[in-house]
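Heads up: the structure comes next, in structure tokens.
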């Protein structure tokens, strides 16, 4: 459910950016792209939540609703869903279309793509089961064939040039690159589906469900981690024959052609399109179901049509623009999501006391807003007002230059919240004894 368009392109791009420091960068990427999504599932299991809204509700119902809307908008029509069309187009078709016709090519491809997504999602066609159970594994097999050929006959050494940002901060930048997979947010959105599936196996007790989630999740993340490491290594070695690309989609297409030729191009284009189609259907259905549940006066199909149409419009901005504008949003949402996940896992320690949630989230939000501003595209960031805000943050917020301005604030909020909780608990206990 979590392995979609971004999981293919961002590891390859990371490898190209990190060069010979690819291994250190990959360790950061694996934490944010693999470990934290697993922790998200555990948080939903431990707190017995039915999804994002329930998990965030201790902070406040209004906050929980806003957070739910922001995450679904990010996973839905603003960023992740449009990406499901632009990634297969970039990987499978863009290289075969003249540059002056790529705009119209993307327009036609995305229109057909989201037309199919809407039709299959509205009719709940069972073809999705066929696609998910047969073609997705075929796609993974194709990836492993490329990996095998790459190990037997590498494009070159992984000891390649390092971009400026990865000379000294490979780990932290690799961690931040993992945000682009959006898997922490997706795990929060899809988590209840996973938990329900585990309960369907006959595992009912909360503790046993959490243990089963951890065990099965650990096996799953090992597989995903292996794919990521191979893709990152491929990206690093590809610099021996190809230039640094603006996104991992172009690089992956070049690598596939290098090893599999024209047949590989056709196979990659077909399988990437189909697998991204299933990802898109999962995203639009989850969006429509959740929003219809929260706003029942608007029908499921209307939410579905709205999502598909807006995703089609935004897809035609192109992959590079989608990535550029999604980054500041992810820099805001990810610290809030990570802190919420950690609070959910630790909740038995403080009996799910809302004060711990509220203090931690409030202090996390402040630097996260500064991180968002610092990550905006240059056309906004270079304005005098934005520069003044960034300069203030650089001066007064620890680790801000690394993109981790939220970390110390979040820890401080957790400590303060726990102190308040235990002081209150102690006073309540004394009152009862008296």
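Some observations on this one:
- First in the stretch 405-416 and surrounded by fewer than 16 Cβ atoms within 10 Å (Cβ to Cβ), second anywhere and assigned to a helix (DSSP H, G or I), Cβ under 7 Å, 6 or more apart: 412/363
- Residue within the stretch 80-90 that is under 25 Å from residue 364 (Cβ atoms) and in the same structural domain as residue 179 (by TED's automatic domain parsing) present: yes
- Lone qualifier among 380, 340, 346 - being under 24 Å from residue 69 (Cα atoms), out of contact with any strand residue (DSSP E or B) (no Cβ under 9 Å at 6 or more places or on another chain) and assigned to a helix (DSSP H, G or I): 340
- Within the stretch 29-56, restricting attention to residues that are within 14 Å of the chain's Cα centre (by Cα) and farther than 11 Å from residue 191 by Cα, the residue that is surrounded by the most Cβ atoms within 10 Å (Cβ to Cβ) is 29.
- Where a residue in the stretch 133-157 is outside the structural domain of residue 273 (by TED's automatic domain parsing) and farther than 19 Å from residue 22 by Cα and its partner, wherever it lies, is surrounded by fewer than 16 Cβ atoms within 10 Å (Cβ to Cβ) and modelled with pLDDT of 80 or more, with Cβ under 7 Å and at least six apart: none
- Subset of the stretch 167-213 [part of a helix (DSSP H, G or I), more than 17 Å from the chain's Cα centre (by Cα), surrounded by fewer than 24 Cβ atoms within 10 Å (Cβ to Cβ) and modelled with pLDDT of 90 or more]: 167, 168, 171
- For residue 326, the stated conditions do not hold, so it cannot be described as touching a helix residue (DSSP H, G or I) at 6+ places or on another chain (Cβ under 9 Å), assigned to a helix (DSSP H, G or I) and in the same structural domain as residue 43 (by TED's automatic domain parsing).
Every residue, every condition in (1) at pLDDT below 90; (2) surrounded by 16 or more Cβ atoms within 10 Å (Cβ to Cβ), yes or no:
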{"site": "218", "(1), (2)": "yes, no"}
{"site": "222", "(1), (2)": "yes, no"}
{"site": "229", "(1), (2)": "no, yes"}
{"site": "243", "(1), (2)": "no, no"}
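- For residue 14, the conditions (1) under 27 Å from residue 116 (Cβ atoms); (2) under 17 Å from the mean Cα position of the chain (by Cα) all hold with the exception of (1).
The values are calculated or read from the model by the stated rules, or taken from the named source; none is laboratory data. All of these numbers come straight from a predicted model, not from anything done at the bench. For neighbour counting, all protein chains shown are included, and Cβ atoms are generated from backbone atoms with ideal geometry for every residue, glycine included.
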